[in-house]
1. Hey, what's the chain come to in accessible area per residue, 1.4 Å probe, Å²?
2. Would you look at the GNM of the chain, springs on alpha carbons closer than 10 Å, and say which of ASP22, ASP13, ASP71 moves the most?
3. How do 63-69, 32-38 rank on mean C-beta neighbours within 10 Å, highest first?
4. Could you calculate the contour length gain from THR26 to GLU57, that is, 0.36 nm times the residue separation minus the distance between their Cα atoms, to one decimal place in nm?
5. Note the angle between two axes, namely the Cα long axis of helix 75-84 and the longest principal axis of the Cα atoms of the chain, as a number of degrees from 0 to 90, rounded to the nearest 10.
6. How far, in degrees from 0 to 90, does helix 6-18 lean away from the longest principal axis of the Cα atoms of the chain, to the nearest 10?
7. Round to a whole number: what % of the accessible area of the chain belongs to carbon and sulfur, probe 1.4 Å?
8. At q = 0.13, 0.17, 0.19, 0.24 Å⁻¹, what is the base-10 log of I(q)/I(0) for the chain according to the Debye formula with one equal point scatterer per Cα and no solvent? Please give it to two decimals.
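The values are calculated or read from the model by the stated rules, or taken from the named source; none is laboratory data. Everything quoted here is computed from the prediction, not taken from an experiment. Cβ: placed from backbone, ideal geometry, glycine included. Neighbour counts: every protein chain shown. Surface accessibility is based on the protein's heavy atoms, side chains included, excluding ligands, DNA and RNA. Shrake-Rupley method; radii C 1.70, N 1.55, O 1.52, S 1.80 Å.
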Amino acid sequence: MQKFSQSDLDAIDKLWRSVPADHVWTGWSAAGAEPEEVWLYRTRAHWRKFPLRKTSEGYALFDEKDRKVADADTLEGLLTAVETIPGLSADANS
């Protein structure tokens with residue numbers, strides 16, 4: 001796996017801070033100075049935690065079962081990818 005650099009993390013933070021307060025992307029986190037994975041979080045109504053990984057082509061998002069759900073060439077494309085992933089149904093949360 002490719003590692004995220006500090007400049008990658010700064011770019012993710014800048015992108016996250018640029019979205020409106022009511023956006024489905026509510027936050028992100030990472031562990032370590034150069035993590036291999038970053039986690040993106042969505043709103044409670046659409047609650048999901050997505051591992052984000054760097055790839056040779058850009059970025060890929062995975063679901064709770066480690067299935068790829070979206071990919072993007074750029075971080076800006078990643079934002080669109082986060083917006084298009086459906087939230088969990090009410091039945092799945094019971």
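1. Values: 5690 Å² over 94 residues.
Here the residues of the chain average 61 Å² of exposed surface.
2. ASP22
3. On the way: 63-69: 10.7, 32-38: 14.1.
The packing order, highest mean first, is 32-38, 63-69.
4. Values: separation 31, 0.36 × 31 = 11.16 nm, distance 2.53 nm.
Value of the extension gain: 8.6 nm.
5. Helix 75-84 and the main axis of the chain meet at about 10 degrees.
6. Helix 6-18 sits at roughly 40 degrees to that axis.
7. On the way: 2870 of 5690 Å².
Solvent-exposed carbon and sulfur of the chain make up 50 percent of the total.
8. The Cα Debye sum returns log10 ratios of -0.41, -0.70, -0.88, -1.39.
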